[in-house]
Structures are given as structure tokens and as C-alpha cells.
Amino acid sequence: MHSEHYTATAKWLHWVMAAIWLGAWLLGFCAAHWHAINSDHQVTFVHKALASSVLFLVVLRVAWRLTHSAPALPASMSPLMRKAAHYGHLLLYAVALIALPVSGWLWSSAGNHEVWVLGLLKLPPLVAPAESTQHLAGLFHTYVAWLCGALVGGHILVALKHHFVDRDGVLRGMLPR
Ligand code: HEM
Ligand code: HEM
């Protein structure tokens, strides 16, 4: 039986960031589409305050991951599935945890809007305000947010499949001992 675990720190980072990420996604969606509750951009403010913390947490997470290897995958997984898991995780880091928050930061900067990390710390603007950049970054952020919604949805489904169908301990490796 496969019984290897991620380090406790990796588990904390994964689950805290997963909660922040999913909450930020829902808030972003509500900010953009539920105008009745976002009349003064208060939902947008909270979306940006929460989501921008990912920019900092991902630095810690990548540093930790580069110095601490992940548990081995179960022997029952085919070489193709191992490759898929590896590149899938790489894609989550690059797109969901880096490109998406950076594009949100770029979008706000180009639109001359402030980003307050957790409502406490103001991010410096990434670029000078410019309408064309604002438009492009907005399109990018919106499409990539939806792409990531699908990516993360797939990630969760695969984790559940490992647990309930393959019963191979992959999910347990990310859960508290
Ligand atoms: C520095 C970080 C980020 C900033 C500054 C930012 C900024 C924004 C802004 C200004 C909007 C438009 C809201 C409105 O129309 O009032 C938005 C929408 C959105 N954001 Fe972010 N964002 C950031 C990170 C993220 C992250 C990490 C996620 C995913 C978890 C995300 C998911 C979304 C989604 C789903 C939408 C709605 C897209 C749509 O359907 O129109 N954002 N974001
Ligand atoms: C209920 C939600 C979630 C579940 C059940 C879940 C489950 C898991 C599991 C079991 C692993 C370990 C896979 C392995 O051993 O190879 C993992 C890894 C990972 N998860 Fe999640 N996850 C969830 C949400 C998220 C979210 C929202 C994100 C980010 C947007 C995310 C990003 C990652 C990344 C990047 C890894 C790779 C870790 C590494 O090896 O460095 N997860 N997840």
C-alpha cells in the first residue's frame, strides 16, 4: 500500500492556498457578474485583497518544493499517468498560481487601480496606466481564470478518483497523518 506523505509544511501551504484560491475565484466571479452586490467595487476590493496574497505564498511554496521532494507516486500508475501528473502540477503552478495573479495585478496597474494585499499592504504598480494594456490584461485574466477553473476542477476530480476509485493513497499523502 502506498503510504508516502508530503511534508507538513507542504500540506499547510497546499490547503491554505487551495482555500484562498477557490474563495478568490468565487469572489472574482461575483465581482464581475453580480453587479447588485458590487456597486462600489467592494467585492472587487476583497477579491484583489485575498487573491494577491497568492503572489507571496507561491514564492514560499516554490522555494519549499524545490528543496523538499514530493512523495513517490504509486507503482500502479502508468508512466504516461506519472508524466500527466507531473506536467499537470507544473501547469497549476505556472498558470493558476503565478500567471493568473500576475495578470490581475497587471490589469489593475494598467487601469490605475490600487491592489491592497489582505487590505494591509499596497502593491506597487507593475506598469504605467494604459488603456490598451488594461484591455489586454483584462481579457487575459478573464480567459485564464476560466481555463484555471477547468484545470483546478480536473485536479480535484483526479484527486477524488485516486481516493475512491483507485484507492491508492495519493490523496492521503496530502491529508493530515
Ligand atoms: C493580484 C491578484 C489579482 C487581482 C489584482 C485581480 C483583479 C481582478 C479584477 C479587477 C477583476 C474584475 C472584477 C470586476 O469586474 O469588478 C477580476 C476578475 C476575476 N478574477 Fe481576479 N485578480 C487577481 C487574482 C485572481 C486569482 C488568483 C483568481 C483565481 C483564483 C482570480 C479569478 C478571477 C475571476 C474568476 C474573475 C471573473 C472573471 C470573469 O468571468 O469576468 N483572480 N480579477
Ligand atoms: C478540494 C480541493 C483539492 C484537492 C482534493 C487537492 C488534492 C491534491 C493532492 C492529493 C495532491 C497530491 C498529488 C500527488 O501526490 O502527486 C495535490 C497536489 C497539488 N495541488 Fe491540489 N488539491 C485541491 C485543490 C488545489 C487547488 C485549488 C490548487 C491551486 C490552484 C492546487 C494545486 C496543487 C498543486 C500545484 C499540487 C502539486 C504539489 C507538488 O507536488 O508540488 N490544489 N492536490
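The values are calculated or read from the model by the stated rules, or taken from the named source; none is laboratory data. Keep in mind the model is a prediction, meaning the values are calculated, not measured. Please note: Cβ atoms are built from the backbone with ideal geometry, for glycine as well, and neighbour counts cover all protein chains shown. Just the protein is used for accessible areas: all its heavy atoms, side chains included, with ligands, DNA and RNA removed. Shrake-Rupley method; radii C 1.70, N 1.55, O 1.52, S 1.80 Å.
Some observations on this one:
- Here the calculated FRET efficiency for Leu160 and Leu121, from their Cβ-Cβ distance with R0 = 25 Å, stands at 0.10, rounded to the nearest 0.05.
- Compactness ratio for the range 8-174: Cα radius of gyration over 2.2 N^0.38 Å (N = residue count) comes to 1.14.
- Rel. contact order, % - alpha carbon contacts under 8 angstrom, at least six apart, the range 78-127: 26
- The range 17-83 and the range 102-146 have Cα centres separated by 17 Å.
- Modelled FRET efficiency - R0 45 Å, Arg167 with Val59, Cβ distances, 0.05 increments: 0.80
- Virtual paramagnetic centre 7 Å along Cα→Cβ of His135, amide N under 14 Å, in the range 105-125: 111
- For the range 32-45, the Karplus equation 6.51 cos²θ - 1.76 cosθ + 1.60, evaluated at θ = phi - 60°, returns couplings of 7, 10, 10, 5, 4, 9, 10, 4, 9, 6, 5, 6, 4, 4 Hz by residue, with Gly and Pro reported as x.
- Figure note: Asp168, Asp40 ranked by solvent-accessible area, largest first, 1.4 Å probe, ligands and nucleic acids not counted: Asp40, Asp168.
- Difference of contour (0.36 nm per residue) and Cα-Cα distance, Leu22 to Ala94: 24.3 nm
- In summary, the lysines within cross-link reach of Lys48, defined as a Cα separation below 24 angstrom excluding same-chain residues under 8 places away, comprise Lys122.
- Compared with the direct C-alpha span, the chain from His14 to Leu80 gains 21.3 nm at full extension, assuming 0.36 nm per residue.
- Spin-label pair Glu114/Tyr87, simplified geometry with 7 Å Cα→Cβ offset, distance in nm: 4.4
- For the pair His41 and Glu4, a Förster radius of 41 Å applied to the C-beta separation gives a FRET efficiency near 0.35, rounded to the nearest 0.05.
- Under the criterion of Cα pairs below 8 Å and six or more residues apart, the relative contact order for the range 41-137 equals 36 percent.
- Accessible area in square angstrom per residue, the range 8-174, 1.4 angstrom probe: 60
- Mean sequence separation of contacting Cα pairs (under 8 Å, at least six apart), scaled by the length of the range 8-174, corresponds to a relative contact order of 21 percent.
- Surface composition of the chain: carbon plus sulfur atoms hold 72% of the accessible area, using a 1.4 angstrom probe and ignoring ligands, DNA and RNA.
- Per-residue 3J(HN,Hα) values for the range 132-142, derived from phi via the Karplus relation 6.51 cos²θ - 1.76 cosθ + 1.60 with θ = phi - 60°, read 5, 5, 4, 5, 5, 5, x, 4, 4, 4, 5 Hz in sequence order (x marks Gly and Pro).
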